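Data first, discussion second: the structure below is written as structure tokens.
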Amino acid sequence: MITVDPDAAEAPYEQVREQIRAQVTSGELAPGTKLPTVRRLAAEVGIAANTVARAYRELEALGIIETRGRAGSVVSGDGVDRAAREAAHEYVARQRALAISESEAVELVRRAFERT
């Protein structure tokens, strides 16, 4: 069950994204679970379809879900790969917030691997 609080500080797409991510992480949504269509979830939650579509796109970029065209979106099956992608996206977001360039961020990762 997904809910959106219109008074929350987070944008609606972020609320949808984080609730689905939390349900996947907790195991409530198991690998292979089919998600509602964008339009159906939008109607159920009372938000625009584009808002749900953005949340799904971000979840797919994180490797949490896979979109299979007309077959719909499903929860991805590989937890390690999903966690690695999620960590990478969080790292990139943090580096951007710190105004670190891509080349500098990659170099920081290389150095970290050399030290461990």
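G46 - would you say it is in contact (Cβ under 8 Å) with a residue 24 or more places away in the chain, open to solvent by 60 Å² or more (accessible area, probe 1.4 Å) and at positive phi?
Details: in contact (Cβ under 8 Å) with a residue 24 or more places away in the chain: yes; open to solvent by 60 Å² or more (accessible area, probe 1.4 Å): yes; at positive phi: yes.
Judged against the criteria, G46 is a match.
Among all residue pairs at least 6 apart or on different chains, which show Cβ distances below 7 Å where the first residue, located in region 12-33, is within 13 Å of Y56 (Cα to Cα) and the second is open to solvent by 50 Å² or more (accessible area, probe 1.4 Å) and not in a helix (DSSP H, G or I)?
Sorted first by the residue in region 12-33, then by its partner, the pairs are Q15/D5.
Considering only residues that are surrounded by 13 or more Cβ atoms within 10 Å (Cβ to Cβ) and either farther than 23 Å from R17 by Cβ or of a type in the set (S, T, N, Q) (or both), which ones fall in region 65-104?
Listed by number, the residues that qualify are T67, S73, S76, Q95, I100.
Go through (1) at pLDDT 90 or above; (2) open to solvent by 80 Å² or more (accessible area, probe 1.4 Å) for R21 and report which single condition fails.
Checking R21 against (1) at pLDDT 90 or above; (2) open to solvent by 80 Å² or more (accessible area, probe 1.4 Å), the one that fails is (2).
The values are calculated or read from the model by the stated rules, or taken from the named source; none is laboratory data. None of these values were measured; they are calculated from a predicted model. Cβ sites come from the backbone with ideal geometry, for glycine too, and all protein chains shown count toward neighbours. Surface areas here come from the heavy atoms of the whole protein model, side chains and all, with no ligands, DNA or RNA. Shrake-Rupley method; radii C 1.70, N 1.55, O 1.52, S 1.80 Å.
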